[in-house]
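S.K.: After the structure tokens below, expect a handful of questions from me.
The values are calculated or read from the model by the stated rules, or taken from the named source; none is laboratory data. Treat the numbers as computed from the prediction; the structure is a model and nothing was measured. Neighbour counts are summed over all protein chains in view; Cβ atoms, including those assigned to glycine, are modelled from backbone coordinates with ideal geometry. Heavy atoms of the whole protein, side chains included, go into the accessibility calculation; ligands, DNA and RNA do not. Shrake-Rupley method; radii C 1.70, N 1.55, O 1.52, S 1.80 Å.
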Amino acid sequence: MNLPRWAPIALAGVCVLCACSAGGEEPAPAKTLASATPTASPSPTGLAPETYRVELKSAMDPVESSFKSLSKAKSLGSLDGRLERAEEALADAIDRLGGIDPPPDIAAEHADYVEALRDVHSGVGDMRDRVANQSLCSSSAVLAGMGRTDVFTGLKDAANDLNARGDYPADVIDVKVPERQTRRLKNGAFIRDGGRGGRAYLRIRNGLSDDAVVTLVRGKSKVMSVYVRKHKSYRINNVRDGLYKIYYTTGEDWDRKARAFTRDCDFKRFEKPLRFRTTYTATLIRWNNWTLSLHAVPGGNARTKRVKPSDFPR
């Protein structure tokens with residue numbers, strides 16, 4: 001019997017299959033070709049440098065203006081008001097700059113700058129407290145106090161770091177920080193000298209721990225003011241007749257230009273005015289002299305009361 005021509009080929013094919021399965025092993029799984037699809041990294045976000053410069057300038061212009069105004073305060077009342085405006089301008093700038101997304105390459109410098117602004121804001125708040133309790137009494141004393149805390153230095157350093165990355169207008173608080181001083185006039189120096197030509201005298205004794213300036217007011221006119229150092233006394237001669245209200249201010253560091261103490265200032269007035277009177281008779285001329293102690297003395301009969309800084313005659 002002749003086998004078909006295709007039979008050996010079929011048998012051979014079967015033997016191959018049997019041989020592959022004879023050992024009881026599972027055939028190796030076929031390998032598949034895997035290809036990874038690359039994922040694009042997110043592109044950096046943030047303001048363009050030009051837009052950031054505009055935001056920075058808009059936020060900091062009111063701060064710059066408020067500090068220029070602060071340095072020109074002439075009284076305690078105006079000083080507190082200008083400090084309040086500086087505090088508000090800083091708070092607005094912090095909110096505005098803290099809420100923006102800066103250019104990615106300056107994110108760290110921007111964060112440092114906002115933090116430095118927070119330090120200045122806190123420093124201004126501290127200065128307002130010290131103005132309220134009259135331990136600081138002038139703009140020069142406030143700026144000197146802030147200068148001693150290095151808050152301005154920290155802001156300047158942060159601004160320089162920001163500027164170095166792209167010429168950003170960050171260094172805008174450009175105020176002169178004065179040195180802390182303790183200026184004094186000589187004992188008996190007149191700040192205002194008028195209304196003399198009479199016969200009487202007024203002796204002033206200052207047993208306090210601070211220097212004082214005593215001011216005599218007749219009617220609505222400031223007649224004279226004299227500087228009396230602590231633990232010293234001074235006699236004003238030739239006081240003209242009249243009824244005088246007596247004011248005095250005490251403190252440290254006398255500012256000639258402002259006519260005020262810059263630190264630890266206090267303002268008082270004697271409750272009762274002093275009357276200087278000269279009487280003439282056919283044979284006698286009589287007048288009365290006065291002695292005032294600024295400090296408490298046993299048996300003293302002159303009471304004082306505090307007055308508002310705005311009510312003190314300068």
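S.K.: Are there any pairs with C-beta distances below 6 angstrom linking a residue in region 257-275 that is among the aliphatic types (A, V, I, L, M) to a residue that is modelled with pLDDT of 95 or more and open to solvent by less than 30 Å² (accessible area, probe 1.4 Å), with the two at least 6 apart or on different chains, and if so which?
M.R.: As it stands, the answer is Leu274/Tyr244, since those pairs meet every condition given.
S.K.: Further, regarding this structure: So which of Arg269, Arg275 ends up being in contact with an Asp or Glu (Cβ under 9 Å, 6 or more places away or on another chain) and buried (at least 17 other Cβ atoms within 10 Å of the Cβ)? Steps first, please.
M.R.: Values: Arg275 fails: buried (at least 17 other Cβ atoms within 10 Å of the Cβ).
Selected residue: Arg269, the only one of Arg269, Arg275 that is in contact with an Asp or Glu (Cβ under 9 Å, 6 or more places away or on another chain) and buried (at least 17 other Cβ atoms within 10 Å of the Cβ).
S.K.: Please go through region 278-314 and give me each residue that is among the hydroxyl-bearing types (Ser, Thr, Tyr) and either exposed (fewer than 10 other Cβ atoms within 10 Å of the Cβ) or within 22 Å of Ser209 (Cα to Cα) (or both), ordered by number. Walk me through how you get there before you give the answer.
M.R.: Here is the first cut: in region 278-314, the residues among the hydroxyl-bearing types (Ser, Thr, Tyr) are 278-281, 283, 291, 293, 304, 310.
Once the filter is applied, which keeps residues that are among the hydroxyl-bearing types (Ser, Thr, Tyr) and either exposed (fewer than 10 other Cβ atoms within 10 Å of the Cβ) or within 22 Å of Ser209 (Cα to Cα) (or both), region 278-314 yields Tyr280, Thr281, Thr283, Thr291, Ser293, Thr304.
S.K.: Among the residues of region 59-78, is there at least one that is in a helix (DSSP H, G or I), farther than 30 Å from Arg128 by Cα and either at pLDDT 50 or above or among the hydroxyl-bearing types (Ser, Thr, Tyr) (or both)?
M.R.: Just the residues of region 59-78 that are in a helix (DSSP H, G or I), to begin with: 59-70, 76-78.
When the remaining residues are screened for being farther than 30 Å from Arg128 by Cα, the result is none.
So far as region 59-78 goes, no, none of its residues is in a helix (DSSP H, G or I), farther than 30 Å from Arg128 by Cα and either at pLDDT 50 or above or among the hydroxyl-bearing types (Ser, Thr, Tyr) (or both).
S.K.: From the list Thr279, Thr291, Thr283, which one is free of Cβ contacts under 8 Å to residues at least 40 places away in the same chain and within 20 Å of Leu202 (Cβ to Cβ)? Steps first, please.
M.R.: Working: Thr291 fails: free of Cβ contacts under 8 Å to residues at least 40 places away in the same chain; Thr283 fails: within 20 Å of Leu202 (Cβ to Cβ).
From the options Thr279, Thr291, Thr283, the qualifying one is Thr279.
S.K.: How many residues, within region 199-221, are open to solvent by less than 20 Å² (accessible area, probe 1.4 Å) and closer than 30 Å to Arg286 by Cα?
M.R.: Of all residues in region 199-221, those open to solvent by less than 20 Å² (accessible area, probe 1.4 Å) come to 200, 202, 204, 206, 211-217.
From what's left, closer than 30 Å to Arg286 by Cα: 200, 202, 204, 206, 213-217.
Residues in region 199-221 being open to solvent by less than 20 Å² (accessible area, probe 1.4 Å) and closer than 30 Å to Arg286 by Cα: 9 in total.
S.K.: Now a separate question. Do you know which of the residues in region 103-113 that are open to solvent by 10 Å² or more (accessible area, probe 1.4 Å) and hydrophobic (A, V, I, L, M, F, W, C) is nearest to the chain's Cα centre (by Cα)?
M.R.: This residue is Ala111.
S.K.: Please identify the pairs in which a residue from region 173-197 that is in a loop (DSSP other than H, G, I, E, B) has its Cβ atom under 8 Å from the Cβ atom of a residue that is surrounded by fewer than 15 Cβ atoms within 10 Å (Cβ to Cβ) and aromatic (Phe, Trp, Tyr), counting only partners at least 6 apart or on another chain.
M.R.: Qualifying pairs under 8 Å: none.
S.K.: Sticking with this one: Quick one: in region 154-163, of everything that is open to solvent by 20 Å² or more (accessible area, probe 1.4 Å) and in contact (Cβ under 8 Å) with a residue 12 or more places away in the chain, which residue is farthest from the chain's Cα centre (by Cα)? Step through it out loud before you land on a result.
M.R.: First, the residues of region 154-163 that are open to solvent by 20 Å² or more (accessible area, probe 1.4 Å): 154, 156-157, 160-161, 163.
Cutting the leftovers down to in contact (Cβ under 8 Å) with a residue 12 or more places away in the chain gives us 154, 156-157, 161.
Values: Gly154: 13, Lys156: 15, Asp157: 17, Asp161: 22 Å.
Looking at the filtered set, the residue picked out is Asp161.
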